[in-house]
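Everything on this sheet refers to the single structure shown next.
The values are calculated or read from the model by the stated rules, or taken from the named source; none is laboratory data. Computed from a predicted structure; not experimentally measured. In this analysis, Cβ positions are derived from the backbone assuming ideal geometry, glycine residues included, and neighbour counts consider all displayed protein chains.
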Amino acid sequence: MSTGNRKNIDDFISKIKSQHQVQLDIDQLYQKIKQGDKASLSKAITLVESTRSEDIVLAHQLLEKCLPSSTTTKRIAITGIPGVGKSTFINSFAQQLVADGQKVAVLSVDPSSSISKGSILGDKTRMDDIAHMENVYIRPTATGATLGGVHLNTREVILLCEAAGYDHILVETVGVGQSEYLVQSMTDIMIVMLLPGSGDTLQGIKRGIMEAADIILINKADQFPKAAVDQTVTDYKQAMHLLASKPNRWTVQVLGTSAFEEASIQSVIAVMKKYFDHVLLNGSYLDQRKLQWREWFNSSIGWATHEVLKSKGIDIDHTAINLNELPPAKALNAIKKLLH
Ligand SMILES: Nc1nc2c(ncn2[C@@H]2O[C@H](COP(=O)(O)OP(=O)(O)O)[C@@H](O)[C@H]2O)c(=O)[nH]1
Ligand SMILES: [Mg+2]
């Protein structure tokens with residue numbers, strides 16, 4: 001046998017071996033995730049957050065193993081300005097859920113990230129009570145390329161947490177306008193946290209946030225006179241009536257809460273149960289998940305097309321788009337050019 005042939009065969013064998021090795025690693029990682037190994041879950045999340053092309057291939061292999069995605073879990077967005085009490089609330093809320101026999105994953109905003117301005121509130125995550133609980137997994141959102149703590153990979157992270165057996169996935173986000181739309185496209189319910197205040201605080205809240213809300217908590221009720229909290233609750237209830245009703249026919253609930261009072265947490269859990277009973281019964285839970293899956297597919301097509309065009313050297317840089325060109329027509333032309 002010539003040395004050239006020998007080398008080809010050796011290359012072929014090592015390629016097969018390395019592919020086999022990769023397959024084994026992903027299988028093993030998946031098995032460990034299923035067994036509830038938190039370190040493996042963290043490793044998997046790092047893999048799906050990676051932008052290296054080799055990692056993306058492996059991440060897809062792993063995610064496909066996690067399908068079909070669960071249709072019994074509860075994906076809960078918790079949003080509000082920094083300091084409103086999201087993490088403190090999650091700390092109490094998750095404890096109660098665990099006491100009720102649930103497994104809770106928290107995708108939290110890293111308090112030291114610049115967008116959460118957490119550093120000015122101290123460095124604590126405020127989740128000390130749940131941080132070491134067996135049935136709680138906390139993953140601070142990676143900083144960079146995020147929108148108020150949510151990023152495109154959050155969907156994949158949710159799938160991984162569900163594969164690991166977590167049935168309540170809490171996604172903490174900082175209300176920065178656009179982030180609500182993104183987090184709404186990944187979750188089943190949105191809890192918006194606000195502070196008590198006079199009627200004119202209503203004007204400061206973006207309409208988008210109000211439209212996205214399923215439950216509104218007027219938090220830190222313990223720090224304010226009861227009358228002020230009640231007035232704020234009434235103001236928001238009235239404001240919600242002015243908005244178009246939700247496609248799932250849910251009536252938005254507004255509650256005064258304190259993250260430190262068990263009765264408050266219990267009342268939020270009761271309202272949340274009511275919400276899930278409602279959307280499960282009328283089918284909108286599954287409809288919304290299917291719609292989200294379709295939107296995810298559509299946005300992936302857009303993203304993938306960009307990638308392919310870029311790799312073919314077709315200029316689709318945003319800066320190249322100017323006001324003399326109709327963007328959809330320009331996009332269509334670029335794709336036609338690619339296909340011909
Ligand atoms: N009095 C009172 N303080 C609260 C409540 N919830 C949170 N806090 C305090 O508000 C501050 C910010 O809370 P944190 O959970 O970090 O807010 P986040 O930025 O929204 O996650 C902390 O000092 C908390 O102790 C509450 O219900 N009542
Ligand atoms: Mg926080």
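Descriptive notes on the structure:
- For the criterion of being modelled with pLDDT of 90 or more, within 16 Å of ligand 2 (Cβ to nearest atom) and surrounded by 19 or more Cβ atoms within 10 Å (Cβ to Cβ), Leu255 fails.
- Test for Glu180: is it modelled with pLDDT of 90 or more, in contact with a helix residue (DSSP H, G or I) (Cβ under 9 Å, 6 or more places away or on another chain), at negative phi and among the charged types (D, E, K, R): no
- The residue that is nearest to ligand 2 (Cβ to nearest atom), among those in the stretch 258-273 that are touching a strand residue (DSSP E or B) at 6+ places or on another chain (Cβ under 8 Å) and within 18 Å of Met190 (Cβ to Cβ), is Val268.
- Being out of contact with any Ser or Thr (no Cβ under 9 Å at 6 or more places or on another chain), at pLDDT below 95 and closer than 18 Å to Phe276 by Cα holds for only one residue in Thr71, Thr51, Thr46, and it is Thr71.
- Residues in the stretch 93-105 that are under 20 Å from the mean Cα position of the chain (by Cα) and either over 13 Å from Glu262 (Cα atoms) or surrounded by fewer than 22 Cβ atoms within 10 Å (Cβ to Cβ) (or both): 4 in all.
- Screening Lys124 with (1) more than 10 Å from ligand 2 (Cβ to nearest atom); (2) modelled with pLDDT under 55; (3) surrounded by fewer than 15 Cβ atoms within 10 Å (Cβ to Cβ) gives one miss only, at (1).
- Matching residues, the stretch 79-109, being of a type in the set (A, V, I, L, M), within 14 Å of ligand 1 (Cβ to nearest atom), modelled with pLDDT of 95 or more and closer than 23 Å to Ser185 by Cβ: Ile90, Val106
- The residues of the stretch 69-86 that are more than 11 Å from Glu172 (Cβ to Cβ) and in a strand (DSSP E or B), listed by number, are Lys74, Arg75.
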